[in-house]
Amino acid sequence: MVETLGPVFLIRTLHLRPALVGLLLALGAVGGVAGGVAARYLARKVGSARISWISMTMLSLPGLLIPLAGHGWWVLLFGFGWISWTFASTVAGVSLTTYRQAACPPDMLGRVSAAARWITWGTLPLGGVVGGALATALGVQTTLWIAVAGGCCAGLWLFFSPLRGMRDIPLGKPEPAPVGGKP
């Protein structure tokens, strides 16, 4: 919903020129690249288990600046929030993908990765439709608040999991799947 409503918010609510909208949205790429570069360092420094839930909860909190953006210099709040949003999601993505690749049996990795991508990317159209419906009913800025708050809470399932008590995700060598599906 945030990805769908961000441009709508900037254009229809804040009435920004297309060049400034493009610049602000491009800042998301900066956050994503920075997250990709920092993910390995953060996993080593903080721990691979910890960074998975920290990135989805605490590192995403500055994303709450996105709906606070306003006219004049206040528009920079969108930029700062958007950078942190994409930074946090990239760090989380790297962390969780690394775990999946290390823990999944090699002969199932393709199917597991495809299913994970389908679930992750498959929710984007649903978020767009729900975001549009909510924005029509409640307004774009209110819906952005709901979307960002929901995104910041998305990592709570990891926070309340056993990962919170671990520094690193145990990465033993995966067992090959039994042939024919029988142990």
Somewhere in region 78-92, is a residue more than 30 Å from G139 (Cα to Cα), in contact with a helix residue (DSSP H, G or I) (Cβ under 7 Å, 6 or more places away or on another chain), of a type in the set (V, I, T) and open to solvent by less than 30 Å² (accessible area, probe 1.4 Å)?
-> yes
Would you check if A19 is touching a residue at least 24 places away in the same chain (Cβ under 8 Å), out of contact with any Gly (no Cβ under 9 Å at 6 or more places or on another chain) and either small (G, A, S) or open to solvent by 90 Å² or more (accessible area, probe 1.4 Å) (or both)?
-> no
Counting only residues that are without any contact (Cβ under 8 Å) to a residue 24 or more places away in the chain, open to solvent by less than 60 Å² (accessible area, probe 1.4 Å) and more than 27 Å from G150 (Cβ to Cβ), how many does region 93-124 have?
-> 2
In region 50-67, how many are of a type in the set (A, V, I, L, M, F, W, C) and open to solvent by 60 Å² or more (accessible area, probe 1.4 Å)?
-> 2
Tell me which of these A26 doesn't satisfy, since it passes every other one: (1) without any contact (Cβ under 8 Å) to a residue 40 or more places away in the chain; (2) part of a loop (DSSP other than H, G, I, E, B); (3) among the small types (G, A, S).
-> (2)
Test G127 against the stated conditions and say whether it is surrounded by 15 or more Cβ atoms within 10 Å (Cβ to Cβ), in contact with a Gly (Cβ under 6 Å, 6 or more places away or on another chain) and either at positive phi or touching a residue at least 40 places away in the same chain (Cβ under 8 Å) (or both).
-> no
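The values are calculated or read from the model by the stated rules, or taken from the named source; none is laboratory data. Keep in mind it's a predicted model, so treat the numbers as computed, not measured. Using ideal geometry, Cβ is built from the backbone for each residue, glycine included, and neighbour counts are taken over all protein chains shown. Only protein heavy atoms, including side chains, enter the accessible area calculation; ligands, DNA and RNA are left aside. Shrake-Rupley method; radii C 1.70, N 1.55, O 1.52, S 1.80 Å.
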